[in-house]
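Following: one structure in structure tokens, then a few remarks.
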Amino acid sequence: MAPTRTETRHATRRAVLEAASRLFDERGFASTTVRDIAQEAGVSVGTVMAAGDKEVLLVELFDDLIDQRQQHIDTLALDPNRPCGDSAISIVEPFVMLFEERRDLARTYASILV
């Protein structure tokens, strides 16, 4: 059975986001062009722009990463007998690590949101 248009569109968007993520990590946000993302994803520049400009792609990437970390935190069974500070650290640490691991992109992400 052939994929539906929605499935194809979703797969293309995922390919664009993955290409953008790789290039942003390798080259940095400022040095990556929409043309680079299109070439890496194997799609046209118009297809990338239909998914969003670089800023939209970066925000979506970080929002997805934050959502993944949040889902992980939601599965943690926090021990009510642990000190409150330890529980708070368990909740916040994955987000701090995300922003530390991708510091330059995190700064750009924050500036876009502001």
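The values are calculated or read from the model by the stated rules, or taken from the named source; none is laboratory data. None of these values were measured; they are calculated from a predicted model. So basically every Cβ, Gly included, is an ideal-geometry build from the backbone, and we count neighbours across all protein chains shown. What goes into the accessible areas is simple: the full protein's heavy atoms, side chains included, and nothing from ligands, DNA or RNA. Shrake-Rupley method; radii C 1.70, N 1.55, O 1.52, S 1.80 Å.
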Problem set entry | Protein-only accessible surface order, largest first, of PHE95, PHE62 at 1.4 Å | PHE95, PHE62
Seminar exercise, completed: For the chain, the charge dipole (Cβ of Lys, Arg +1; Cβ of Asp, Glu -1; about the Cα centre) points to a positive end, and the Cα of LEU61, VAL96, ALA19 closest to that extreme belongs to ALA19
Exercise. Magnitude of the Cβ-charge dipole of segment 1-42, K/R +1 and D/E -1, about the Cα centre, nearest 20 debye?
Worked result: 200 debye
Problem set entry | Backbone HN-Hα couplings from phi across segment 99-111 [Karplus 6.51/-1.76/1.60, Hz, Gly and Pro as x] | 6, 6, 4, 10, 3, 5, 5, 5, 5, 5, 4, 5, 5
Problem set entry | Relative contact order for the chain, counting Cα pairs under 8 Å that sit 6 or more residues apart, in percent | 27 percent
Problem set entry | Rounded to the nearest 20 debye, dipole of segment 20-72 from Cβ charges on Lys, Arg, Asp, Glu | 140 debye
For this session: Return P(r) of segment 4-114 (all Cα-Cα pairs; 10 Å bins starting at 0; whole %; ordered from short to long distances).
Result: 13, 38, 27, 15, 6, 1
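Any chance you could run the full-extension gain for THR6 through ASP64? It's 0.36 nm times the residue separation minus the Cα-Cα distance, nm to one decimal. Don't skip to the answer; put the middle values down first.
Details: separation 58, 0.36 × 58 = 20.88 nm, distance 1.95 nm.
Full extension of this stretch gives 18.9 nm more.
Using the crude model of +1 on Lys and Arg Cβ and -1 on Asp and Glu Cβ, and no other charge, please compute the dipole size for the chain relative to its Cα centre, in debye to 20. List each step's numbers first, then the result.
Numbers: 13 positive and 19 negative charges, 81 e Å.
Charge dipole of the chain: 380 debye, to the nearest 20.
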